[in-house]
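In what follows, a structure is listed as structure tokens, so that the remarks can point back to it.
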Amino acid sequence: MAPKLPTSWVALPPSFLLPESFLPLITTRGVKYGWSTANHRSKHNRFNQETAGLPRLTASPAAALERKAKTLPLRTGVLGIKKGMTALYDSETGVRTPCTVVQLDRVQVVSHKTREQHGYFAVQMGAGWKHDSNVTKPLLGHFTSQGVSPKRFVSEFRVKDESGLLKVGQLVGPEWFLEGQFVDTRSNCRGMGFEGGMKRHGFKGQGASHGNSKSHRLMGSSGPSQGGGSRVHPGKRMPGNMGGQQVTVQNLKVLKVDAEKGILVLNGCIAGPKGAVVKIQDAIKKPWPVIPGGGLEEVKETLQELAAA
Amino acid sequence: MATTTPTLRPLSCWKTLLRQSSMQKVATRSLTTYFKPKPIDPPKRPHHKLKVYPPPPSAKAAFKEPIKEVTASQLAILDPTGGRTTLFSKANTEAAKVGDILLVRLKNGDPFAGVCINIRRRGVDSGILLRNELTRVGVEMWFKIYSPNVEGIEVVQRKEKRARRARLTYMRKPKHDVGSVQNIVLAYQRTRGALRGNVEGGPVGHENKGGKRKIRAKGKGKK
């Protein structure tokens, strides 16, 4: 047996005597990511502030507003009533353009939603008129406090910032939109009621013959049996209620504007039956329209009033 | 009955007095007024009638049928004289009807003639469906009657008996198909050309389409 070497000369001296490089501490060289690379925080902070040296939160209300800033319209929209479809002819080229006629009825600004109070900027618009005996008292109080008549339809339109808040009580006609500009429309499509898989999802149905019995329009199988889980997966398309939900149609050109008659003529079709309420606002996928004179002045007035209040 | 006060025993009157007073006490006790507490009404809140603002003037009430307004404004441009409207008006007894042979002259393209088998009345979007046979193949064409591309519509031949259907789709069946109406149209064009020659004294030529167009254009009020 080899004599055991004395370990005293191999053993390291006490750590306080060693230089730092020998110490098997946290690896510092070659570390590119991880918590050890985060900025040094002086002291524990309850709130994750910018001072904490961490990236800004992406799930805060402020961050949400910042994300939406590019796609939120600068101006409010209007509420219209779909009246039906017809066509316009260009007498020069002879081109026929199918169009939808929308009428605006006493569209008025009812109130505002602000960042301080509600967390975002929006304009509440009302359209039509309702007899006050048909309006609940809380809602009537809302209209009265704002100094507007009771409205049949009320809806809000989000705007980017304070400058988009139109004066309360301001009447908005079809001249709010320029001929040739693009708008987005939102309306509820026709309700179909409870519909089968063929109509609702375009299933093929089953054969008319070859021994088929009483199952010509059925959806067929809803999934594998034992081996496939013996269950129906979430989201399986089945018969059910169809239609009646909001449909947005983007980038519709404004073909005609008639302020006197309250008529707005839009290119193409929009969702819903005749008499449907349509929300119309500047198209978010096109450059914002340049409004000459009037619109800007109104905005300025609003700003002045806000400053005074 | 209370006895009279005995003069000999003056103090004895006390007993009577006390008895009387005690009797009275009972009487007064029974006469106590019934205490009626005042009904405590909840403090009446003033009936708050909310002020209701009147509605602003309505464009919708004044113009109840916007589609008609749009149609009228379009017709004022496309059919200022109203010739095309009367040609297909239901009120007009001389109007073109289904079953008639119509000739449609176009700004850009050859004229098309055929039996009218459908008139779809939709205001400014109205159209007619003409059926003919070209190179022995049945051809159907839709024409929008107010389209600026349609220069003129002429009635070549009327149906001798009024059609008793709104849409003569049965004419597509071999049994009812009239086939080509080209000969009737050519004969019609010849007579028109002759008429035109007589009126203006110019060279008569049934192939001179330009002249005919001019006349029809004036007649129909279409340019």
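The values are calculated or read from the model by the stated rules, or taken from the named source; none is laboratory data. None of these values were measured; they are calculated from a predicted model. Note that we place each Cβ from the backbone using ideal geometry, even for glycine, and neighbour counts take in every protein chain shown. Accessible surface is based on the protein model in full, side chains and every heavy atom, while ligands, DNA and RNA are left aside. Shrake-Rupley method; radii C 1.70, N 1.55, O 1.52, S 1.80 Å.
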Hits in segment B:128-181 - residues which are away from every other protein chain (no Cβ under 14 Å), charged (D, E, K, R) and outside any loop (DSSP other than H, G, I, E, B) = B:131, B:133, B:140, B:154, B:172
The one condition in (1) of a type in the set (A, V, I, L, M, F, W, C); (2) more than 14 Å from every other protein chain (Cβ to nearest Cβ); (3) assigned to a loop (DSSP other than H, G, I, E, B) that residue A:194 fails to fulfil = (3)
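Only one residue in A:290, A:278, A:299 is among the β-branched types (Val, Ile, Thr) and either at pLDDT 90 or above or in contact with a strand residue (DSSP E or B) (Cβ under 8 Å, 6 or more places away or on another chain) (or both). Which one? Walk me through it before giving the result.
Working: A:290 fails: either at pLDDT 90 or above or in contact with a strand residue (DSSP E or B) (Cβ under 8 Å, 6 or more places away or on another chain) (or both); A:299 fails: either at pLDDT 90 or above or in contact with a strand residue (DSSP E or B) (Cβ under 8 Å, 6 or more places away or on another chain) (or both).
On inspection, the qualifying residue turns out to be A:278.
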Can you find a residue in segment A:162-169 that is among the acidic types (Asp, Glu), within 14 Å of chain B (Cβ to nearest Cβ), more than 27 Å from residue A:266 (Cα to Cα) and not in a strand (DSSP E or B)?
-> no
Quick one: is residue B:195 aliphatic (A, V, I, L, M), exposed (fewer than 13 other Cβ atoms within 10 Å of the Cβ) and at pLDDT below 95?
-> no
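Going by the structure shown, is residue A:236 more than 30 Å from residue A:111 (Cα to Cα) and without any contact (Cβ under 8 Å) to a residue 60 or more places away in the chain? Lay out the reasoning, then the answer.
Values: more than 30 Å from residue A:111 (Cα to Cα): yes; without any contact (Cβ under 8 Å) to a residue 60 or more places away in the chain: yes.
Against the criterion (more than 30 Å from residue A:111 (Cα to Cα) and without any contact (Cβ under 8 Å) to a residue 60 or more places away in the chain), residue A:236 qualifies.
Against the condition among the polar types (S, T, N, Q) and either open to solvent by less than 30 Å² (accessible area, probe 1.4 Å) or within 9 Å of chain B (Cβ to nearest Cβ) (or both), how does residue A:144 come out, does it pass? Let's see the steps before the verdict.
Values: among the polar types (S, T, N, Q): yes; either open to solvent by less than 30 Å² (accessible area, probe 1.4 Å) or within 9 Å of chain B (Cβ to nearest Cβ) (or both): yes.
In short, yes.
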Determine if segment B:75-95 includes at least one residue that is more than 8 Å from chain A (Cβ to nearest Cβ), surrounded by 12 or more Cβ atoms within 10 Å (Cβ to Cβ), of a type in the set (Val, Ile, Thr) and in contact with a Lys or Arg (Cβ under 7 Å, 6 or more places away or on another chain).
-> no
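Table: residues versus (1) basic (Lys, Arg); (2) at pLDDT below 80; (3) open to solvent by less than 100 Å² (accessible area, probe 1.4 Å); (4) in a loop (DSSP other than H, G, I, E, B).
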position: B:1; (1), (2), (3), (4): no, yes, no, yes
position: B:20; (1), (2), (3), (4): no, no, no, no
position: B:57; (1), (2), (3), (4): no, no, no, yes
position: B:60; (1), (2), (3), (4): yes, no, yes, no
Taking segment A:79-98 and keeping residues closer than 18 Å to residue A:176 by Cβ and more than 8 Å from chain B (Cβ to nearest Cβ) leaves A:79, A:80, A:82
